[in-house]
Amino acid sequence: MRLLLVEDTADLADSVLRALRADGHAVDHAPDAATAEAAMAVADYACVVLDLGLPDRSGLEVLKARRQAGDRTPVIIATARDQITDRIAGLDAGADDYVVKPFDLRELLARVRAQARRGQNAPATRLHLGELDVDRGAAKVWRNGEEIRLTAREWALFDALLGARGRVLGKPALEDALYAFDASIEGNAVEVYVSRLRNKLGAGVIETRRGLGYVLL
């Protein structure tokens with residue numbers, strides 16, 4: 001999934017970025033409100049993790065502005081502000097979840113996955129696709145009861161196709177699922193990962209629509 005982390009504390013941002021990317025997500029990082037707003041204006045995110053104490057503008061103001069503009073992207077506030085009044089203000093401003101620093105990275109990852117699934121209108125975490133059983137919450141796949149090991153980027157591409165099951169996703173959309181803004185994109189990366197997925201999941205799972213993209217059957 002394509003995610004946005006809005007956090008100005010460098011060491012914390014680095015830790016969260018590593019954890020999210022290791023979990024198979026493409027993550028952009030914004031150290032301030034201006035960068036966050038610019039990123040959200042041009043990219044579609046499955047979820048935004050938003051700090052409130054940003055150097056140039058309150059994260060709460062950013063959230064209110066996005067909601068007033070009609071943006072319904074799931075937002076998790078991650079902040080050191082732990083008063084009940086802060087929580088209420090964040091949720092009333094349109095946040096979908098609220099976590100207090102210091103937080104456990106594993107819990108944050110689970111909350112991100114849950115919010116992103118809700119944003120995709122796909123609350124069910126367990127899916128059955130022919131010979132495949134999929135647990136999106138745990139990022140695991142089984143074929144005829146045997147677990148199939150997917151790399152982080154293989155899962156990211158597969159999860160993007162799962163979220164759009166039955167609809168064709170073009171190469172740019174799949175590249176968005178694989179890479180953040182600052183990543184170097186290999187020209188044939190999507191084709192390579194689709195080929196790897198077919199080898200692992202079976203040839204009949206992902207169909208190529210020539211000139212359009214790929215669709216999960």
Could you tell me which of the residues ARG72, ARG117 is under 15 Å from the mean Cα position of the chain (by Cα) and open to solvent by less than 80 Å² (accessible area, probe 1.4 Å)? ARG117
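Looking at the structure I just gave you, is GLU37 exposed (fewer than 14 other Cβ atoms within 10 Å of the Cβ) and either among the aliphatic types (A, V, I, L, M) or not in a loop (DSSP other than H, G, I, E, B) (or both)?
Numbers: exposed (fewer than 14 other Cβ atoms within 10 Å of the Cβ): no; either among the aliphatic types (A, V, I, L, M) or not in a loop (DSSP other than H, G, I, E, B) (or both): yes.
For GLU37, the condition - exposed (fewer than 14 other Cβ atoms within 10 Å of the Cβ) and either among the aliphatic types (A, V, I, L, M) or not in a loop (DSSP other than H, G, I, E, B) (or both) - is not met.
Identify, please: which residue in the range 23-34 is in a loop (DSSP other than H, G, I, E, B) and either closer than 20 Å to GLY163 by Cα or of a type in the set (S, T, N, Q) (or both) and is, among those, modelled with the lowest pLDDT?
Looking at residues that are in a loop (DSSP other than H, G, I, E, B) and either closer than 20 Å to GLY163 by Cα or of a type in the set (S, T, N, Q) (or both), I get GLY24.
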Could you run through the range 19-47 and say how many residues are of a type in the set (Val, Ile, Thr) and either without any contact (Cβ under 8 Å) to a residue 24 or more places away in the chain or more than 13 Å from ASP176 (Cα to Cα) (or both)? 2
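May I ask you to verify whether ARG198 is basic (Lys, Arg), open to solvent by 40 Å² or more (accessible area, probe 1.4 Å) and part of a loop (DSSP other than H, G, I, E, B)?
No; evaluated as a whole, the condition is false for this residue.
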Counting only strands (runs of 3 or more DSSP E) entirely within the range 50-164, those with at least 1 residues that are free of Cβ contacts under 8 Å to residues at least 40 places away in the same chain and farther than 30 Å from GLY213 by Cα are 75-79, 97-100
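The values are calculated or read from the model by the stated rules, or taken from the named source; none is laboratory data. These numbers come from a predicted model, not from an experiment. Here Cβ is always computed from backbone atoms with ideal geometry, including for glycine, and neighbour counts include all displayed protein chains. We work out accessible area using only protein heavy atoms, side chains counted, and drop any ligands, DNA or RNA first. Shrake-Rupley method; radii C 1.70, N 1.55, O 1.52, S 1.80 Å.
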